[in-house]
Amino acid sequence: MDLKNIKWTEEKFFKEREIILNHWPTGKGVDLQQAVDYLKKVPDHKNFAKKLVKAKEEGVTLAQPRAGVALMNEHIQLLQHLQNEGGADLLPSTIDSYTRQNRYDECERGIKESRAAGRSLLNGFPVVNHGVDGCKRVLEAVDLPLEARHGTPDARLLSEIIHAGGWTSNEGGGISYNIPYAKSVSIEKTILDWQYCDRLVGFYEEQGVSINREPFGPLTGTLVPPSTSNSVAIVEALLAAEQGVKNITVGYGQCGNLIQDVAAIRALEEQTYEYLKANGYNDVYVTTVFHQWMGGFPADEAKAFGVISTGAAAAALAGATKVIVKTPHEAIGVPTKEANAEGIKATKMTLNLLRGQKMPMSKELELEIAVIKAETKCMIDKLFELGHGDLAVGSVRGFEAGIIDIPFAPSKFNNGKMMPARDNNGAVRYLKAGNVPLTKELQDFNFKKLEERAKFENREVGFQMTVDDIFAVGKGKLVGRPEKKIVL
């Protein structure tokens, strides 16, 4: 295995860069010294890393939407609308699916066809095709920091272009942008590719430029136990820190039980710092992101706003640094800019009302934090063991062994033996641990919680619970209760 969790030398990095920048013509538009000079001129209020630090120190939760269309002017208009009408605190550029697969020829066709059609025929902003100058145009047209949000297993060229264009945050990682997104890409390859992305950020940090990196927290967004997603986030934070990243946002996708959601964010932040410090990374600044509900949404807009506001409340009460906003059109498809702005406004109203309020510690919250941290520790410590101290090697071997097992992932490199379900209060538990190395005490805790639900519903603990839970929120409830049969 070529992979090692060791900071790339400049020689290795620059040798790789020559190859990467020749993948597509716009790569030749990246000049590293010009990029450093440009990034140093980006004002603090448009620097993602600095704005997150300020928000955390002030105890404020920021709101950030998802958004992206094919054409430059339309994309700028969309972001300006979300900034001015929606009141967003941070801006995204969601990247299209062709770019995520490095299929830039098809992006080019999509751009031309979008121009001819007068509307976006791509499901995002084809950032590589628009190039460095395009990124600068977007940044200079708005008053907020910009982040690329995508789902790209190989984001090396994308990362070069966005950072050279002044965008100061990049989402993703070698696990979180592989296992939930790709079928046949090896974890060894994507960790190597994301080491490059992180080394690029590390290089900018060495030149005095602050850039934020954000592992993708929700993973498949469907009944992911908090300790599973927290483990991936912590692993990716540690891998990024080794390459010189100094500003990291670890994330989590809303599960729906308020106490578990608050516990997950708090456990994630605490444990990320614990593992960073234990491994000698003492100068990394950690913030958190809470993703509003990633599963099925109700089609009714009023009900959708209920889901959005619940997610905003959980983010605020957890003390997350930012929240990723959903829209009332989630069940329909790509939202209009107006619907997207409405999702931000609903979120901001909830955040404003709850500003300064945090969920107080209780026995239930304390227990949930302890359980999540204990489960997470089982997984991460085993990865270190399998890698003989090398986390990158351990991560590859760990996925082969099913030590971390992401539910409903398309990747053939995911074990697929772990199965989750909700307990009687809607918290996500391990129905079947598979090869996830939980202690007997933790396995017993999870099964006991599921037995309480089974008894309440008068049925057996089993996979049908999982199936019912997947569709529950779309039907207006959190826990998938069996429908009562009417006896005539």
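Quick note: the coordinates plus some simple rules give every number you see, no bench work behind them. Only a predicted model underlies this, so the values are computations on that prediction, with no experimental measurement involved. Positions of Cβ are generated from backbone atoms using ideal geometry, with glycine treated the same way; all protein chains shown enter the neighbour counts.
Between Arg422 and Arg429, the built amide H atoms are under 5 Å apart, and every one of these is 5 or more places off in sequence or on another chain. Here is the tail figure for the stretch 223-365: Cα pairs spaced more than 24 Å apart come to 36 percent of all pairs.
Dipole magnitude for the stretch 419-488: computed about the Cα centre from +1 point charges on Lys and Arg Cβ and -1 point charges on Asp and Glu Cβ, it is near 180 debye.
Contact order, relative form, for the chain: 15 percent (alpha carbon pairs under 8 Å, 6 or more residues apart, mean separation divided by residue count). If R0 equals 22 Å, the separation of the Cβ atoms of Glu113 and Gln77 corresponds to a calculated FRET efficiency of about 0.70. Would you please name the GluC sites (Glu not before Pro) within the stretch 371-474 that are DSSP coil residues with at most 14 other C-beta atoms within 10 Å of their C-beta? Sparse-neighbourhood loop GluC sites (Glu not before Pro): Glu460. Using only the Cα atoms of the stretch 54-213, build the gyration tensor, take square roots of its eigenvalues as a ≥ b ≥ c, and label the shape rounded, prolate or oblate: rounded if a/c is under 1.5, else prolate if a/b is larger than b/c, else oblate. Judged from the Cα gyration tensor, the stretch 54-213 comes out oblate (a/c at least 1.5, b/c at or above a/b). In the structure shown, the pairs Lys277/Lys449; Lys277/Lys382; Lys112/Lys337; Lys412/Lys448; Lys54/Lys477; Lys183/Lys337 are assessed against 29 Å; a Cα-Cα span above that value is assigned to Lys277/Lys449; Lys412/Lys448; Lys54/Lys477; Lys183/Lys337. Relative contact order for the stretch 38-106: 29 percent, from Cα pairs under 8 Å spaced at least 6 residues apart, divided by residue count. In whole angstrom, note down how far apart the Cα centers of the stretch 325-389 and the stretch 392-460 are. First find each Cα centre; the distance between them is then 19 Å. Whole-percent P(r), the stretch 419-488, all Cα pairs, 10 Å bins from 0: 21, 50, 23, 5, 1. As a ratio to 2.2 N^0.38 Å, the alpha-carbon radius of gyration for the stretch 70-123 is 1.24.
The ranking of Glu301, Glu140 from fewest to most other beta carbons within 10 Å of each one's beta carbon is Glu140, Glu301. Translational diffusion of the stretch 10-353, estimated by Stokes-Einstein from the Kirkwood radius over alpha carbon pairs at 10 °C in a medium of 1.306 mPa s, is 80 µm² per second.
Using R0 = 30 Å, the C-beta based FRET efficiency linking Asp381 and Asn282 works out to 0.90.
Per residue, the average separation of C-alpha pairs within less than 8 Å and at least 6 apart gives the stretch 55-169 a relative contact order of 30 percent. A Cβ-based charge dipole, computed about the Cα centre of the chain with Lys and Arg at +1 and Asp and Glu at -1, lands at about 840 debye. Distance between the C-alpha centers of the stretch 1-67 and the stretch 212-238? Whole Å please. Distance between centres, Cα-based: 20 Å. As a rough footprinting exposure proxy, the listed residues Lys337, Lys4 were ranked by other beta carbons within 10 Å of their own, and the order from fewest upward is Lys4, Lys337.
From least to most packed, judged by other beta carbons within 10 angstrom and beginning with the fewest, Glu483, Glu147 follow the order Glu483, Glu147.
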